[in-house]
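Written out below as structure tokens is the structure these notes cover.
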Amino acid sequence: MAVANETYQPGTTPAGLAFRESWAEWFDRHSRTFFIAPAVTLILIFAIFPTFYSIVFALSRVRFSATGLRFRFVWFDNFLAQFSGNEQTHFLGRTTEIGIFGAIFALACLIAALWWLYKSYRNGATWVGMTGRVISAAMFVFVAFLLGATLLSGNPWGTLLTTLFYVIVGCTLQFIIGTALAFLCSQPIAGKSFFRVLFFIPLMITPLGVGYAFKMVLDITKGPLQPLWDYVGLQNWAWSTDAWAARWFVILGDSWQWIPFIFIVMLAALETVPKDHVEAAQVDGASSIQIFREITWPQIVPVAVTVILIRMIEAFKIVDLPNIMTSGGPGIATESMTLHSYFLWRANDMGSSAAVAYLLLILTVVVCASFFNYVVLGQLRKVK
Amino acid sequence: MVSATTGVPVNFEGIEKSFGAVRVLEELSLKVAPGEFLVLLGASGSGKTTALRILAGLETASSGRVLIGGRDVTDILPKYRDVSMVFQSYALYPHKTVAENIGFPLKVRKVPTAERDVAVKEAASQVQIDMLLDRYPRQLSGGQRQRVALARAMVRRPSVFLMDEPLSNLDAKLRGHMRAELKHMQSTLGTTTIYVTHDQIEAMTLAHRVAILEKGVLQQLDTPAKIYNDPANLFVAQFIGSPPMNVVHGSLEASAFKTTGASVSLPVSGSIAKAILGVRPEDCAVVAPSKGNIRGEIYAVELIGDHTLVTVKTGADMLTVKASKEFSGAIGENIGISVVKDRLFVFDAATGARVR
Amino acid sequence: MSDTAFRFDKAERSLMERLFEPPAVGRMSPVAKVVAYSLLVFWAIFVIFPIYWVVITAFKDAAAVNQGPFYIPFVDFQPNLDAWRVHISSDPYCDVYAIGRQFVLYAYNSVAFILSPVVSIQPMEPQICKLYLAFSNSLVIGIAATALCVTIGSMAAYALARVQYKPKFGNVVVFVVLTLLMIVATSYAGIPWYFSAAVALALFFLLARAFGKHFKASLSNGDILFWMISQRILPPIVVIIPVYMMFQSVGLLDTHLGLIIIYAVANLPIVVWLMHDFFASLPIELEESAQLDGCTRFGIFWEIVLPLTRPGLAATTLLTLILNWNEYLFAVFLSTSKAQTMPIMVAAKNAGEKGILWWEMCAVIVVMIIPVIIMAIILQRFISKGVLMGAVKG
Ligand SMILES: Nc1ncnc2c1ncn2[C@@H]1O[C@H](COP(=O)(O)OP(=O)(O)O)[C@@H](O)[C@H]1O
Ligand SMILES: [Mg+2]
């Protein structure tokens, strides 16, 4: 790959090769820069720079004025407000009174995390690895404490846990169903290509459309399932009144949209498993399920964990569906962190909005990086 | 017709190359004469391709200089070196037709279309593929692809041809045929050619001179005949020739090579405790056990066709003898081997160097 | 092994065995078949039904929606075009003449918008058919953003696959520090952004030139690639407020160009990720051969590499196009009227006091999803040929 371009210096033109540098030559000599510069510049200006700029918003009280924006530096007030101040219930949930189950659960998680840290310390992790593990463990314990103090103590939770609920429950559900469908479609089945195309389509439909479609389809009084609701006596009920029903409602729409993604990738992975491995097992008399568990699955695990990672990264950004299907309600029950930040922005509280967005970034990075380091890399290493 | 051009000389001056900690070429110096067909011969991994790529400019040397036509091109971009290369995989562009493939070097040099067409036709007819010009590479056989690659290399009349194992993807029969064509073409064009191969037959048949590389070190640079008849060291002696040269371990004492149960007097003087005697299978003959210089017992007998290969076990060594096709002997039978005295080589077992 | 384990005569097997045993290797047993097909059909209904419901709702009128569920057109209810009339004939500006004039303006503006804010975009028809405006906006923004993103992204991906880059770690740190300083200076000290940006940039090149050679540690292509791809982790909400402010200060708010840029950046990681994989898997001899023949880097990219990755390029383009077409969050923040895209138009139907006008909204959704379904079917072809799989395998 190393080519002579890199050592080529201007001025070393050989005597005897009559050669005047035209602009095309100059362009070619700098092509390595020109190839990558546009992408780097765009990312720097429109992704990296705004990310840094966001810090200023998050650390300031921002007001509009005649000359533009006025920033007043307030240290971490915006963040602290999310954790212990007036916004706490919104972001974390009500955490003041922790019940007995919650306390036990939080304690158990704390001990598990400490044990895990101790074990990796004994196994000789580097200090970088150790730092990463401490961060992952701290995040884990914090979330466990929140869970203990809210859900397990009968208190409402905030947008942080709602987002994690969408990510963890949504991804798990979608992965299981998507893989199962992929497995079915990899079997000798008539009409395979029809199912393939059909099952793929929801992924490509705008989330907005998905949201409204589900709102319509599951409408209690005018939706197609109205006879069913009547029959079970729910005609006066509404999705928007029950926190859990509303959350599952969002998960349903999200799954409808994203199961196709898992499905399509896992199906492609299933089809790359060498045929002779499967045929050898068939000759040995293994059933389809056995073949899947013993032969196919081990070969597609790397793809599986990668696809979960990708799905997770996208899941953290969830906003369209809760916004449309429930407007974040009832109360804040279905509000994701992006939606939370969006609402704050609409209320002209740009500092808090940026702070919540930043907290989402931190959450996403820690969870995804942990998953990548402890699960994906492990699986990839196993393959190699 | 393409007329013979006068080739240019190519010099490697102390080329060294390392990939990280791995030394791939060590102090490679060689001079290629104008119009010469030089073959770089060596086992796989000996650094032949690396040397060729350094010459082409696709790789940069760690130190040393490369000269083409007397001009230092060490830091020059490949495109200014005026060399063309035939890759082992042919590197034909799958999305271009044969004509477009051959014409591509001219197209990037902005040669006018009409002129280009003429050149493409001429090059194609040189390698006898003029009827395939509209096909795509995937519609060609291996031999035809090979010809397209050759045509593409010669269409712009480079001052040096580089070829990296161009025949190794062909079947044996076609390879023999293409070898002859290559040789003919090179002598017609008179272009300096550097040809990399691991196949000694290719090297011997094609080359004006052969350079043998081993572990990045140049072992010998000479004409095929000299390489065969006068190897510089044990490696070259064993690398060239099929079946390879026989070796017998022993010691050199006062102009005589001594081994268990045998003694051969030699024209070389000196004494070495651990020496190796080398003799080619065709310079040996099977004789009665009492007569030969070396005694042993028959290990295997293989009838090749016009001759028989007899493998004889003597001490710890195995010797192969080229005997007449009428030879018959049972395995395990005792036998003697007589050798042609002035066709013997002695090497120092410790260094592999030739003892003269 | 008992002799009952092997019974070759079909008749000897019990009914249960025959139900659960495949008739031949590579086939399914009857029971498995029933289970599999019921699951597949169930899922197919689950997938189709919401789409079906949206489509029929688009052909209902207010009464047919409000009086409870009607399922089958012509049987349960009489389909009509009320919902479409609102968008087309009841929209006073939806006449052919206005749209024709709009096209002329487009011809001019398609040049101007590339150069905007330098060349000012002519105001389009002040009042134009809303549906048409949204559709054409979506189309222009979607296609332009996709073109920009795929061009820039595949160039970067190719370079990362073939050329060694060694940016100095120290320079990166200097860049970050200067950026932060610039931001602080702009927001708290009130220095104009163009001034502080220019100073920071100049300082960066000065420092990089002066100290660059003293920095030892450098990054590799892998690091750059990871950096680019990992931008996908960034939640859009993090960058959206600053981008809003940036766009406001340079007049890009509610313009096509603004949305095009931000859409392109948002999808750049995907393009780089997928295309890098295609480029890296090409045999390098083709490029080396072209290099010896005197091709420039860009010539190699254009003549050799791109044609060879055409299926991958097509699939990536299609995917990016669909993502851009569906994008909602950036559009909500960054477009207010002129540059409104289809998703905004859909959401706008939610805003009335009369509640959601389902039939009108569904008409817009149908317009939105028809192109996508066609593209999805084509894209699916590519995926089932394994075109996009390399990247996922990591
Ligand atoms: N790009 C490279 N990076 C690291 N090692 C290389 C590279 N290219 C070649 N080598 C090593 O250099 C040695 C010589 O390679 P090569 O010149 O291809 O041998 P040959 O062509 O004689 O078979 C081999 O051991 C090979 O592993
Ligand atoms: Mg080689």
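Each value in this text was obtained by applying a stated rule to the coordinates, not by laboratory testing. Here the structure is a predicted model, which is why all the values come from computation and not from measurement. Every residue, glycine among them, receives a Cβ derived from its backbone with ideal geometry; neighbour counts consider all protein chains shown.
Okay, helix-only estimate at 222 nm for the protein assembly as shown: each DSSP H run of n ≥ 4 adds -39500 (n - 2.57), divide by all residues, round to 500 deg cm²/dmol; what do you get?
Calculated at 222 nm, the ellipticity per residue is -17000 deg cm²/dmol.
Which of rounded, prolate or oblate describes region A:157-383 when judged by the alpha-carbon gyration tensor and an a/c cut-off of 1.5?
oblate
Using a 10 Å Cβ count of at most 15 others and DSSP loop calls, identify the longest part of chain A lacking such GluC sites (Glu not before Pro).
A:98-384
Could you please report the charge total around C:LYS60, scoring K, R as +1 and D, E as -1 over all other residues with beta-carbon less than 11 angstrom from its beta-carbon?
For residues surrounding C:LYS60, the net value is -3.
In nm, to one decimal, how far is the B:THR205 label point from the A:PHE76 one, both placed 7 Å along Cα→Cβ?
Taking the two extended label points, one gets 7.9 nm.
Taking K and R as +1 and D and E as -1, what net charge do the other residues with C-beta under 13 Å from the C-beta of B:LEU266 add up to?
After counting each charged neighbour, the total is +3.
Treat each spin label as a single point 7 Å out from the Cα along the C-beta direction, and report the C:PHE42 to A:VAL128 distance in nm.
Once both label points are built, they end up 4.8 nm from each other.
Once you order the gyration tensor axes a ≥ b ≥ c over the Cα atoms, which shape class does the protein assembly as shown get: rounded for a/c under 1.5, otherwise prolate or oblate by comparing a/b with b/c?
Here the protein assembly as shown falls in the prolate category.
Tell me, what is the Rg over Rh of region B:10-236, with Rh the Kirkwood radius over Cα pairs?
0.97
Hey, can you list the DSSP H helices of chain A whose Cα span along the axis is 20 Å or longer and whose average Kyte-Doolittle score is at least -0.5?
Qualifying helices: A:100-122, A:127-149, A:159-186, A:243-272, A:297-315, A:350-371.
Classify chain C from the C-alpha gyration tensor, please: rounded if a/c falls under 1.5, else prolate or oblate depending on whether a/b exceeds b/c.
The shape class here is oblate.
Pairs of alpha-carbon atoms within less than 8 angstrom and 6+ residues apart define the contacts here; what relative contact order does chain B have, in percent?
16
With springs only between Cα atoms under 10 Å apart, run a GNM on chain B and tell me which of B:LEU140, B:LEU277, B:LEU221 wobbles the most.
B:LEU140
Return the sequence-ordered ³J(HN,Hα) values of region B:228-240 in whole Hz as given by the Karplus equation 6.51 cos²θ - 1.76 cosθ + 1.60 applied to θ = phi - 60°, using x for Gly and Pro.
Along region B:228-240, the couplings run 6, 8, 9, x, 6, 8, 4, 4, 4, 4, 7, 6, 9 Hz.
For region C:304-346 and region C:125-196, what is the separation of their C-alpha centers, rounded to whole Å?
15
Just C:ALA208, C:ALA98, C:ALA347 to compare: in a GNM of chain C, with alpha carbon springs under 10 Å, which one fluctuates most?
Top of the fluctuation ranking is C:ALA208.
Among all cysteines in chain C, which have no other cysteine Cβ under 4.7 Å from their own Cβ?
C:CYS149, C:CYS295, C:CYS362
Got a sec? How would A:HIS30, A:HIS90 order by Cβ neighbour count within 10 Å, fewest to most?
By the 10 Å Cβ count, ascending, the order reads A:HIS30, A:HIS90.
Give, in nm to one decimal, the length gained when the segment between C:ILE370 and C:LEU19 is fully stretched (0.36 nm per residue of separation minus the Cα-Cα distance).
122.1 nm
Enumerate the lysines that B:LYS325 could reach by cross-link, defined here as Cα to Cα under 24 Å, with residues fewer than 8 away along the same chain left out.
Answer for B:LYS325, where 24 Å is the Cα cut-off: B:LYS291, B:LYS313, B:LYS341, listed by chain and number.
Sequence gap at least 6, Cα distance under 8 Å: using those rules, report the relative contact order of region A:225-377 to the nearest whole percent.
In percent, rounded to a whole number, it is 25.
Would you mind computing, in nm to one decimal, how far apart the modelled labels at C:ASP223 and C:ILE284 are, each placed 7 Å from Cα along Cα→Cβ?
2.1
Could you work out the longest stretch of chain C that avoids the trypsin sites (Lys or Arg not before Pro) located in DSSP loops with at most 10 other Cβ atoms within 10 Å?
The longest such stretch corresponds to C:1-215.
Across region B:334-339, in residue order, what do the Karplus-derived ³J(HN,Hα) couplings come to in whole Hz, using 6.51 cos²θ - 1.76 cosθ + 1.60 with θ = phi - 60° and x for Gly and Pro?
With the stated coefficients, region B:334-339 comes to 7, 7, x, 10, 9, 10 Hz.
Given an 8 Å cut-off on Cα distances and at least 6 residues of separation, report the relative contact order of chain C as a percent.
That works out to 22 percent.
Name the most mobile residue of B:GLU26, B:GLU36, B:GLU115, meaning the one with the largest mean-square fluctuation, in a Gaussian network model of chain B with Cα contacts below 10 Å.
Looking only at B:GLU26, B:GLU36, B:GLU115, the largest GNM fluctuation is found for B:GLU115.
Order C:370-379, A:345-354, A:221-230 from most to least packed using the mean count of other Cβ atoms within 10 Å.
A:345-354, C:370-379, A:221-230
Show me the helices of chain C, taken as full DSSP H stretches, that run 30 Å or more along their long axis by Cα and average 0.5 or above in Kyte-Doolittle hydropathy.
Long hydrophobic helices here: C:30-57, C:130-162, C:256-280, C:358-384.
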